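Since the structure comes first, as structure tokens, the remarks are kept for the end.
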Amino acid sequence: MPRPHFAILIPQKALNRAKTRLRAVLEARHRQVLTMALLRRTLQVCAKVPGSHGLVVDGPPEVAAAAEAFGARLIPGGLAGMRRDVGEVAHSPVVGADHALLIVSSDLPLVNVRDLEQVIAAWREGNEVVLVPDRRQRGTNVMMVDRPETFPYAFGGALDQGSLETHLTQAEGTGLSVTVLDLPDLALDLDLPADLAVFVREAPKDPLARYCLEHTQESFVFE
């Protein structure tokens, strides 16, 4: 049986280290604006997810006001890497001894309550680990773990050797029931210029898409 409650964790890298792989197309100040806008969007969506017993942001002091605005608790982090940050929060009392943990990346421009509810439903059906891959089927954009304090997280791998396969292997190797959900909106993260192009193409009226289109380097072509 799954645990009776769950909390939500949004890991947030330090702002001066966020979205560095977009530096070829966005200046540092625009990357920071984008990063904060994405975090606020993620907080707004996660705050609306029904049934949550706590919303936590693991990140730098600069995001404290945004976290507070949406009723989230800020745990200092964002410098040690996502793997360590998630592991430390999962082992901390803030999650709760009887809580599962829903981990939501902070850079998903199309994040929505409906898809997150699908992840939660898959967990309630008895899947101890639920994974939502990125659109390259390499990284893990959203993850739910029934016993978060015991799971060996693999976030932060190289782009070509992402966390998804490792998370699958670790779940299966420890006898945990695991499922992978392909949810296109949650699969889009903004890691690379090509991701920005997909975002602008799929959501041209989105204010963040318009911001990206307005501030990217002129040499970048949105195909």
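The values are calculated or read from the model by the stated rules, or taken from the named source; none is laboratory data. What you are looking at is a predicted structure, and each value in this text was computed from that prediction instead of being measured. A quick note on method: Cβ atoms are made from the backbone with ideal geometry, for glycine too, and the neighbour counts reach across all protein chains shown.
Testing Val45 on (1) of a type outside the set (Lys, Arg); (2) at pLDDT 95 or above; (3) more than 13 Å from the chain's Cα centre (by Cα), one condition comes back false. Which one is that?
Every listed condition holds for Val45 apart from (3).
Yes/no per residue for (1) hydroxyl-bearing (Ser, Thr, Tyr); (2) over 17 Å from Val142 (Cβ atoms); (3) in contact with a helix residue (DSSP H, G or I) (Cβ under 7 Å, 6 or more places away or on another chain):
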| residue | (1), (2), (3) |
| --- | --- |
| Ala14 | no, yes, no |
| Leu22 | no, yes, yes |
| Leu39 | no, no, yes |
| Asp58 | no, no, yes |
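Can you tell me which residue is surrounded by the most Cβ atoms within 10 Å (Cβ to Cβ) among those in the range 196-218 that are of a type in the set (Asp, Glu) and outside any loop (DSSP other than H, G, I, E, B)?
Here the residue is Glu202.
State whether the residues of the range 62-73 include one that is basic (Lys, Arg), in a helix (DSSP H, G or I) and surrounded by fewer than 20 Cβ atoms within 10 Å (Cβ to Cβ).
no
Please list, ordered by first then second residue, the pairs with beta carbon atoms under 7 Å, 6 or more apart or interchain, first in the range 4-18 and more than 15 Å from Arg83 (Cβ to Cβ), second part of a strand (DSSP E or B) and of a type in the set (S, T, N, Q).
Final answer for the pair search is Phe6/Ser52; Ala7/Ser52; Ile8/Ser52.
For the range 93-115, name all the residues that are closer than 20 Å to Asp134 by Cβ and among the acidic types (Asp, Glu).
Asp107, Asp115
How many of the residues making up the range 13-48 are buried (at least 22 other Cβ atoms within 10 Å of the Cβ), among the polar types (S, T, N, Q) and within 17 Å of Leu192 (Cα to Cα)?
Count: 1.
Among what's in the range 51-61 and is touching a Gly at 6+ places or on another chain (Cβ under 8 Å) and assigned to a strand (DSSP E or B), pick the residue that is nearest to Asn16 (Cα to Cα).
Gly59
Hey, can you tell me all the residues within the range 1-50 that are in a loop (DSSP other than H, G, I, E, B) and out of contact with any Lys or Arg (no Cβ under 9 Å at 6 or more places or on another chain)?
Across the range 1-50, the qualifying residues are Met1, Pro4, Gln12, Ala14, Ala24, Val25, Glu27, Lys48, Val49, Pro50.
Within the range 130-187, take every residue that is part of a loop (DSSP other than H, G, I, E, B), within 13 Å of the chain's Cα centre (by Cα) and at pLDDT below 95 and give me the one that is surrounded by the fewest Cβ atoms within 10 Å (Cβ to Cβ).
Among them, the one singled out is Gly156.
Run Ile120 past the list (1) farther than 23 Å from Met36 by Cβ; (2) part of a loop (DSSP other than H, G, I, E, B) and report the number of the one that doesn't hold.
(2)
Would the range 89-106 turn up any residue that is of a type in the set (Gly, Ala, Ser), at pLDDT below 90 and either touching an Asp or Glu at 6+ places or on another chain (Cβ under 6 Å) or assigned to a helix (DSSP H, G or I) (or both)?
Within the range 89-106, one or more residues are of a type in the set (Gly, Ala, Ser), at pLDDT below 90 and either touching an Asp or Glu at 6+ places or on another chain (Cβ under 6 Å) or assigned to a helix (DSSP H, G or I) (or both).
Criterion first (modelled with pLDDT of 90 or more, over 19 Å from Val142 (Cβ atoms) and among the acidic types (Asp, Glu)) does Asp206 satisfy it?
It is true that Asp206 is modelled with pLDDT of 90 or more, over 19 Å from Val142 (Cβ atoms) and among the acidic types (Asp, Glu).
Right, Ile8: modelled with pLDDT under 95, within 14 Å of Ser106 (Cβ to Cβ) and β-branched (Val, Ile, Thr) or not?
It is false that Ile8 is modelled with pLDDT under 95, within 14 Å of Ser106 (Cβ to Cβ) and β-branched (Val, Ile, Thr).
For the structure I just gave you, tell me whether Ser92 is under 18 Å from Thr140 (Cα atoms) and either surrounded by fewer than 22 Cβ atoms within 10 Å (Cβ to Cβ) or of a type in the set (S, T, N, Q) (or both).
So Ser92 fails the test.
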